[in-house]
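Input: a single structure, listed below in structure tokens.
The values are calculated or read from the model by the stated rules, or taken from the named source; none is laboratory data. Nothing here was measured: the structure is a model prediction, and the numbers come from that model. Cβ atoms come from the backbone with ideal geometry, glycine included; neighbour counts cover every protein chain shown.
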Amino acid sequence: MRRKDWYGYHIERTVEPKTAILLSHRSELFESYVHCNIDLVLSGHAHGGQFRLPFIGGLIAPNQGLFPQYDAGLYTSGSTNMIVSRGLGNSIIPIRFNNRPEVVVIELLNMDC
């Protein structure tokens, strides 16, 4: 399966493993990952939206602009799950507002055992 998204990047899944895990810096390409049947995407880059507004979420994120769609947390579409970490660093502006840094710990279990 091969798809060219509007950024010009290519994502290709050449084999069909039981589980496909993708480490990606670009959470805004989530729809491409869904199209390629990636099971789990681990992502960041959005810095949690840098500034977070109560009940709204992130204010701005790299490559997503104002009010980013994929700024932090778990996103699911079909069988694809994407976890977006707010991370530890900053982006263009060296401060965070209402946006605590985080390290995400994920435990993968073999459900066949």
Checklist entry - Of all residues in the range 74-86, which are surrounded by fewer than 20 Cβ atoms within 10 Å (Cβ to Cβ), closer than 20 Å to residue 56 by Cβ and out of contact with any Ser or Thr (no Cβ under 9 Å at 6 or more places or on another chain)? => result 74
Checklist outcome for this item: Output for Cβ contacts, cut-off 7 Å, separation at least six or different chains, first residue among the basic types (Lys, Arg) in the range 18-29, second modelled with pLDDT under 90, reads 26/45; 26/63
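Yes/no matrix, rows are residues, columns are (1) surrounded by 22 or more Cβ atoms within 10 Å (Cβ to Cβ); (2) within 17 Å of residue 102 (Cβ to Cβ); (3) out of contact with any strand residue (DSSP E or B) (no Cβ under 9 Å at 6 or more places or on another chain):
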| position | (1), (2), (3) |
| --- | --- |
| 45 | no, yes, no |
| 48 | yes, yes, no |
| 56 | no, no, yes |
| 61 | yes, yes, yes |
| 64 | no, no, no |
| 67 | no, no, no |
Item to check | Counted residues, the range 37-58 - those being under 11 Å from the mean Cα position of the chain (by Cα) and not in a strand (DSSP E or B) | outcome: 5
Next on the checklist: Can you pull out every residue in the range 20-36 that is among the small types (Gly, Ala, Ser), under 8 Å from the mean Cα position of the chain (by Cα) and part of a helix (DSSP H, G or I)?
Outcome noted: 27
Checklist outcome for this item: Of the residues in the range 23-35 that are surrounded by fewer than 19 Cβ atoms within 10 Å (Cβ to Cβ) and not charged (D, E, K, R), the one that is farthest from residue 103 (Cα to Cα) is 35
Checklist entry - Which residue pairs have Cβ atoms closer than 8 Å, lie 6 or more positions apart in sequence or on different chains, and pair a first residue in the range 64-93 that is touching a residue at least 24 places away in the same chain (Cβ under 8 Å) with a second residue that is in a loop (DSSP other than H, G, I, E, B) and surrounded by fewer than 11 Cβ atoms within 10 Å (Cβ to Cβ)? => result 83/106; 85/103; 86/100
Checklist entry - What are the residues in the range 59-96 that are assigned to a loop (DSSP other than H, G, I, E, B), closer than 20 Å to residue 37 by Cα and of a type in the set (Ser, Thr, Tyr), if any? => result 70, 79
